[in-house]
Structures are given as C-alpha cells and as structure tokens.
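Inspection log for the structure reproduced underneath, given as structure tokens.
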Amino acid sequence: MRILVTGTSGFIAGHLVRRLHSAGHEVTGLDVAEPRRPVEGWRDVRLDLRDDAGVSRVVAEVKPEVVFHLAAQASVSVSMREPRLDIETNVIASVMLARAAAEAGARRFVFTSSGGAMFGAPEIVPANDDTPVEPRSFYGASKASAEKFLKIVEWETGMTVASVRPGNVYGPYQDPHGEAGVVAIFAERMLRGEPVTIFGTGGDTRDYVYVEDVVEAQVRASEAATGEMCVVGTGLETSTHKIFEVLAKHCAYERAPIMAPPRAGDIPRMAMDTTRAREVWGWTPQVSLDEGIARTVEVFRAAAQK
Ligand SMILES: NC(=O)c1ccc[n+]([C@@H]2O[C@H](COP(=O)([O-])OP(=O)(O)OC[C@H]3O[C@@H](n4cnc5c(N)ncnc54)[C@H](O)[C@@H]3O)[C@@H](O)[C@H]2O)c1
C-alpha cells in the first residue's frame with residue numbers, strides 16, 4: 001500500500017514508519033524537523049504542514065491510500081504559552097492535509113488525538129469514549145476540535161477518518177529534552193545521575209501506554225471497516241511517584257526527587273477505559289508498565305554508552 005505518515009522525525013510516528021516499512025508498504029514520511037534516527041529506506045520529506053501549497057503538492061505526488069497523521073505541536077505547556085501554534089498546526093494544517101488526501105484518492109485518514117488531554121479532569125476515572133469532551137488546555141482543545149473538523153471532511157469527501165486517542169505514550173526514542181514525556185526525561189536524567197524534578201505533588205495520575213501498543217492501535221484503526229474514534233491506554237492510573245520509583249529501580253538511581261509547583265494545563269487524574277477499542281479494533285494493551293520501562297531504559301542506556 002502507498003502510505004503517508006506525518007511526524008516521522010518524532011517519537012510515535014518514528015516507530016510507526018519503521019513498522020509499516022518493514023511490513024513492505026511503500027511509505028513516505030513527512031516532518032518539518034530533521035529525523036533524530038536514520039531513515040531506513042523510505043522516502044522522507046521535509047515540509048512544514050502549515051504550507052498548504054507544499055502539502056497539496058506532496059500529497060498529489062504520493063497519492064496515498066492511507067494517511068497516518070501524527071505531526072503536531074504536542075506539548076500541553078507550550079500550548080498554554082502559544083495557543084496560535086496549536087490552532088495552526090493541530091487544527092488548520094490537519095484539515096488541509098485531510099482534504100488534500102481525500103482529493104488525491106485516500107480511503108482512510110488516521111488522526112492521532114489525545115485521550116489524556118481532551119476530557120480535561122473528568123468526574124469519572126477511567127474516562128471512556130462517551131466521557132464529555134471538556135479539555136483544560138489549548139492542546140486538548142486543538143485535538144478535540146480537529147476531530148470535529150475531520151469528521152466534516154469525512155462527510156464532505158467520503159474518505160473515512162479514524163482517531164486514535166492515546167493516554168501518555170512512553171517508550172524508546174522519545175525526546176528526553178522536550179517538555180512532555182516524563183518517562184524519557186526522568187530516564188535520561190537518572191542514567192546520568194542528575195537531579196530529577198517532579199511538578200505538583202507526585203500524586204497526579206496518568207494512563208501510561210507503551211508506544212508499540214499505540215502503533216498496533218494505529219494499524220488496526222487503518223484496517224477496520226469503519227472510521228472509529230477510540231481511547232487507547234491501559235485502564236490503570238499511575239502516579240508520577242510510581243513512574244519515578246519504577247524508573248529508579250531499572251536505572252539503579254538512589255537520589256530523591258526535587259519537588260516543584262504544578263504546571264499550567266496539567267490535570268490531577270487520568271486513566272482510560274478502552275472497551276470501544278477492544279470492540280471495534282480488537283485492540284488491548286500487551287506491554288505492562290514494568291516491561292515497557294525496562295525496554296525503554298535499555299535503549300536509553302545503550303544510547304548513553306555510545
Ligand atoms: N506522546 C504522547 O504521550 C502522546 C499522547 C497522546 C497523543 N499524542 C499525539 O501523538 C502524535 C505524536 O506525538 P509524539 O509524542 O511522537 O510527538 P513528537 O513531538 O515526538 O513528534 C511530533 C512531530 O511533529 C512534527 N511537527 C510539528 N509541527 C509540524 C509542522 N508544522 N509540520 C510538520 N511537522 C511538524 C515535529 O517536528 C515532530 O517530529 C501527536 O499528534 C501528539 O499530539 C502523543
């Protein structure tokens with residue numbers, strides 16, 4: 001199949017593009033940034049998705065049957081400082097890309113939304129796909145809006161749109177220097193023996209889901225008969241303290257964390273009930289937190305030794 005994947009210089013799409021390429025698909029990757037890992041034989045396009053004319057040109061050339069759209073401004077705290085960037089990148093560019101894809105004949109558009117950010121601070125945890133959408137950050141609002149706009153593109157064009165709504169994704173090759181991705185940030189600092197800061201009380205919870213499980217959900221979303229929108233997580237609430245503790249065990253780190261005030265846009269609790277993903281995609285998470293963190297630390301440790 002001819003497939004276009006956006007955000008391939010980033011974390012999750014970096015895993016997805018490798019999986020699709022090794023399965024024999026004709027893959028084109030697209031990102032504004034240079035890849036941090038070597039490109040292994042797929043076509044790799046450098047483009048800012050906010051460039052409408054550039055996007056139309058690339059999509060018309062590639063003629064993808066399926067588009068996996070993961071490129072985004074993906075940090076909650078950046079969104080609180082610069083909401084324009086989220087609106088332009090996560091909403092407008094997503095809609096223009098989807099329309100260009102439909103025009104070029106794509107049959108399926110798989111969007112990556114955010115189960116962790118679109119429900120705000122829900123009354124009932126775990127949240128599920130029927131939980132009211134009430135984001136508390138510009139990032140969450142941009143993902144929720146993009147889903148609405150993309151459903152209009154589906155209605156307008158007939159190209160089916162699916163949406164994968166992950167919790168907090170972690171795994172090897174996540175950027176440890178960004179503002180999001182607590183597992184990567186802590187892992188790198190612990191392996192260097194540097195101090196680690198926890199924002200808030202440490203009791204805030206999130207649903208941490210391993211990156212290969214999210215990639216599996218993406219693939220299933222592209223193959224399902226209809227365009228569904230499903231949260232993807234483990235159903236488990238894990239506190240930041242617990243993440244610190246499991247990582248400290250795997251990194252042999254013995255220092256205590258430094259505690260700092262909470263950050264704008266952060267929510268107190270989150271976990272997700274993935275019944276719909278199981279029903280419509282036959283998807284369930286396969287990798288436990290301990291196993292996922294062990295795999296992640298192994299790759300970070302190998303990189304640190306290079
Ligand atoms: N990591 C998580 O915990 C998580 C959770 C839920 C949803 N998501 C979503 O999954 C997707 C991938 O997340 P990630 O963690 O891999 O993020 P990432 O920041 O590692 O990757 C995002 C990529 O998008 C690219 N990008 C940003 N703006 C662009 C633009 N204007 N044009 C072209 N490329 C652009 C960046 O260069 C980057 O390589 C995002 O849509 C994110 O919102 C991530």
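Couple of notes before you dig in:
- Pick from region 161-181, criterion surrounded by fewer than 20 Cβ atoms within 10 Å (Cβ to Cβ) and touching a residue at least 40 places away in the same chain (Cβ under 8 Å), ranking: farthest from residue 78 (Cα to Cα): 173
- Scanning region 149-194 for residues that are closer than 21 Å to residue 280 by Cα, in a loop (DSSP other than H, G, I, E, B) and within 15 Å of the ligand (Cβ to nearest atom) gives a single hit, 167.
- Every test in (1) over 23 Å from residue 87 (Cα atoms); (2) away from the ligand (no atom under 13 Å from the Cβ) is passed by residue 57 save one, and that test is (1).
- The residue of region 1-27 that is nearest to the ligand (Cβ to nearest atom), among those that are closer than 14 Å to residue 101 by Cβ and under 20 Å from the mean Cα position of the chain (by Cα), is 6.
- Members of region 123-148 that are without any contact (Cβ under 8 Å) to a residue 40 or more places away in the chain and assigned to a loop (DSSP other than H, G, I, E, B): 123, 124, 130, 131, 132, 133, 134, 135
- For region 28-40, the tally of residues that are in a loop (DSSP other than H, G, I, E, B) and near the ligand (Cβ under 10 Å from one of its atoms) stands at 5.
- Residue match in region 41-57 (condition: at pLDDT below 95, part of a loop (DSSP other than H, G, I, E, B) and either out of contact with any strand residue (DSSP E or B) (no Cβ under 9 Å at 6 or more places or on another chain) or surrounded by fewer than 16 Cβ atoms within 10 Å (Cβ to Cβ) (or both)): yes
The values are calculated or read from the model by the stated rules, or taken from the named source; none is laboratory data. Not measured: the values here are computed from a predicted model. Note that we place each Cβ from the backbone using ideal geometry, even for glycine, and neighbour counts take in every protein chain shown.
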